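Notes follow the structure.
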Amino acid sequence: MSLGFSVDELLPKARGGGQLKMGLVRLSEEEWLQPDPDLAARLEGFSHWPEGVQLTVEADVPARELAEMLGVPVEFDQAALPKVALNSHEDMCLLTKREGDNQYRLIGAAVAWPTDWHPKNKIGLPLRALHAPIAGYEEQLATGVDRFMDTLKAGPIYGRCNWFIAPTGERRWIADAPPEQAYSHVTADNAGETLFVRSERQTLRRLPKTGAILFTIGIYVEPLGKLGPDNIAMLSKAVQSLVSGEGDRRGAPAYANSLIAFAAQRRTAS
């Protein structure tokens, strides 16, 4: 099983609801990164949100290794990670385990299109603290993620994807209003145009020289109504089975009824 580069291609591989899962698939080198990035959009994204770049001194050497791997030229006095991210569709994060530490930490982030998070609030944090807002992570995923990170070898590339329902089609989405306000305009009749489905196409690989782990995040966004019928039906079912607390974090109570009703209308019409 592989991953595509669109919401419709990614959703069938995403978790539909219920218990949290990593849901990893093995990717080839050719399947790793989007082959045709919109570099103008990337430049605009970083120009309008410079705080998306957060670096520690530890990030420089592995970031330069990554730049060399991808053939991105970096001057001596340039920061390598944002240069790489400017030349890719994907946002880029680096993690390492410090001597004496028992968890990987975020040491560098070049993020133009976040899904409701601020790199400035995450830089330097260990994995469990990074994921603390995710309901069920500590109980259902933390141990497995730690084990995966510890045993990941240089060479293999793994990918996964997820989904979120947003009130905007912008690629950079940081919630700036309570859900009941952000989704107040959404109804069953207009949900196809006012709800936007975003999927993060995430990949993980260990850099061979420094041993740092690279985490990439490719963002894809589509209006709900533009998706295929199976994906709309999946989302309708999924919003009803999110882990306790997870639905609240995602704002689901504010839009779920409209999404479910919209999906029922589509099903009846077909």
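The values are calculated or read from the model by the stated rules, or taken from the named source; none is laboratory data. Every value quoted in this text rests on a predicted model; they were computed, and no experiment measured them. All Cβ positions, glycine included, derive from the backbone under ideal geometry; neighbour counts span all protein chains shown.
Remarks
- Boolean, Pro208 is in a loop (DSSP other than H, G, I, E, B), over 16 Å from the mean Cα position of the chain (by Cα) and surrounded by fewer than 21 Cβ atoms within 10 Å (Cβ to Cβ): yes
- Of the listed requirements (1) surrounded by 20 or more Cβ atoms within 10 Å (Cβ to Cβ); (2) in contact with a Pro (Cβ under 7 Å, 6 or more places away or on another chain); (3) closer than 22 Å to Asp38 by Cα; (4) of a type outside the set (Asp, Glu), Trp163 misses just one: (2).
- Among the residues listed as Glu139, Glu170, the single one being among the acidic types (Asp, Glu) and either touching a Lys or Arg at 6+ places or on another chain (Cβ under 7 Å) or at pLDDT 95 or above (or both): Glu170
- Residue under evaluation Ile165, criteria (1) out of contact with any strand residue (DSSP E or B) (no Cβ under 8 Å at 6 or more places or on another chain); (2) closer than 24 Å to His48 by Cα, criterion not met: (1)
- Flag if Val221 is at pLDDT 95 or above, of a type in the set (A, V, I, L, M, F, W, C) and closer than 30 Å to Leu27 by Cα: yes
- Candidate set from segment 174-192 (those that are in contact with a strand residue (DSSP E or B) (Cβ under 9 Å, 6 or more places away or on another chain) and either basic (Lys, Arg) or in a loop (DSSP other than H, G, I, E, B) (or both)); member that is modelled with the highest pLDDT: Tyr183
- Any pair with Cβ under 9 angstrom, 6 or more apart, that starts in segment 45-59 at a residue that is within 11 Å of Ala79 (Cα to Cα) and ends at one that is hydrophobic (A, V, I, L, M, F, W, C) and part of a helix (DSSP H, G or I): Val53/Phe46; Val53/Leu81; Val53/Ala85; Leu55/Ala63; Leu55/Leu81; Ala59/Ala80; Ala59/Leu81
- Looking only at segment 172-191, and only at residues there that are surrounded by 20 or more Cβ atoms within 10 Å (Cβ to Cβ) and not aliphatic (A, V, I, L, M), the one that is farthest from Phe262 (Cα to Cα): Trp173
- Screening Thr268, Thr194 for residues that are in contact with a His (Cβ under 9 Å, 6 or more places away or on another chain) and free of Cβ contacts under 8 Å to residues at least 40 places away in the same chain leaves exactly one candidate, Thr194.
- Residue among Val53, Val84, Val7 that is out of contact with any helix residue (DSSP H, G or I) (no Cβ under 7 Å at 6 or more places or on another chain) and among the β-branched types (Val, Ile, Thr): Val7
- Residue check, Leu95 under 17 Å from the mean Cα position of the chain (by Cα) and touching a residue at least 60 places away in the same chain (Cβ under 8 Å): yes
- Every pair of residues 6+ apart whose Cβ atoms lie under 7 Å, when the first sits in segment 154-174 and is within 22 Å of Ala41 (Cβ to Cβ) while the second is crowded, with 19+ Cβ neighbours inside 10 Å and acidic (Asp, Glu): Cys161/Glu200; Asn162/Glu200
- Inter-residue pairs, beta-carbon under 8 Å, first hydroxyl-bearing (Ser, Thr, Tyr) and in segment 81-92, second at pLDDT 95 or above and part of a helix (DSSP H, G or I), 6+ apart: Ser88/Arg42; Ser88/Leu70
- Scanning segment 110-118 finds one or more residues that are β-branched (Val, Ile, Thr), touching a residue at least 24 places away in the same chain (Cβ under 8 Å) and not in a strand (DSSP E or B).
- A search for C-beta distances below 6 Å between a residue of segment 1-17 that is farther than 18 Å from Tyr158 by Cβ and polar (S, T, N, Q) and any residue that is at pLDDT 95 or above and crowded, with 16+ Cβ neighbours inside 10 Å, counting only pairs 6+ apart in sequence or on different chains, returns Ser6/Tyr220.
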